[in-house]
Amino acid sequence: MAVVCLVPILILKPGVLASYFSGSLVRTGVNVNTMTYTLYAYLHDVLNLGISVTTVSTLMYILMGLILLFLVAFAYIEPKKDPRFLIKLIAVSIFVVIFCMKYHSPQYVVWFTPFVCLLVADSIYGIAIFYITQVITYFEFPLTFGTLYLNGNYLGASGTTLWYLALVFFTINFVTYILLMYFAVKPTGSHTRMLIGKIREKLAKKS
């Protein structure tokens, strides 16, 4: 698939890839409709810890890398490897990347919601939270864009009612999406226990 998608672009218009990577990887600033900025707002403005948004962004990327590594490990030790498990891995991996990035567009939810739909179809609570997240996303854009926030800042000054309203809105937004992923995946901790068991076995053999 990578060859089919990339080779024609490299032959016909290689400059497209260069423009994409320069726009995605060298982008400065942090969008306010991200989990990164929401955490920063709590740490810097609410708790007055003096932590920078760059530091929070770096920690979020580290978190993303660690979670993706754990997903690879879970895929390796999973004995069944059935289609539902694969869908869970795809959904969580895409969600984690979107969740931890420093820039965001509401349309990104289209990347993982088709997989989530399959996973929550047998749960009335999962279906309910799915529709709730879609409504909240519609409020995020276009309804509150230009009213509560722009890409680079909340429209209210720090500490004002409008600023807190934006912060609460994005907090609810991210909490609902975390709940959605919880109902989609239904984690039991079994893979973590299996991974710990594998690590203990390896260490025992070495000793």
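The values are calculated or read from the model by the stated rules, or taken from the named source; none is laboratory data. Predicted, not measured: the structure shown is a model, and the values here were computed from it. Neighbour counts run over all protein chains shown; Cβ positions are idealised from the backbone, glycine included.
Observations
- Count of the stretch 57-94 residues which are farther than 21 Å from LYS186 by Cβ and either free of Cβ contacts under 8 Å to residues at least 24 places away in the same chain or touching a Lys or Arg at 6+ places or on another chain (Cβ under 6 Å) (or both): 7
- Positions within the stretch 110-156 being closer than 16 Å to ASN31 by Cα, part of a helix (DSSP H, G or I) and out of contact with any Pro (no Cβ under 7 Å at 6 or more places or on another chain), in sequence order: PRO142
- Failed condition for THR160, given (1) under 30 Å from ALA75 (Cβ atoms); (2) loosely packed, with under 13 Cβ neighbours inside 10 Å; (3) of a type in the set (S, T, N, Q): (1)
- Enumeration of residues in the stretch 20-42 that are out of contact with any helix residue (DSSP H, G or I) (no Cβ under 7 Å at 6 or more places or on another chain) and at pLDDT 95 or above: VAL32, THR34, TYR42
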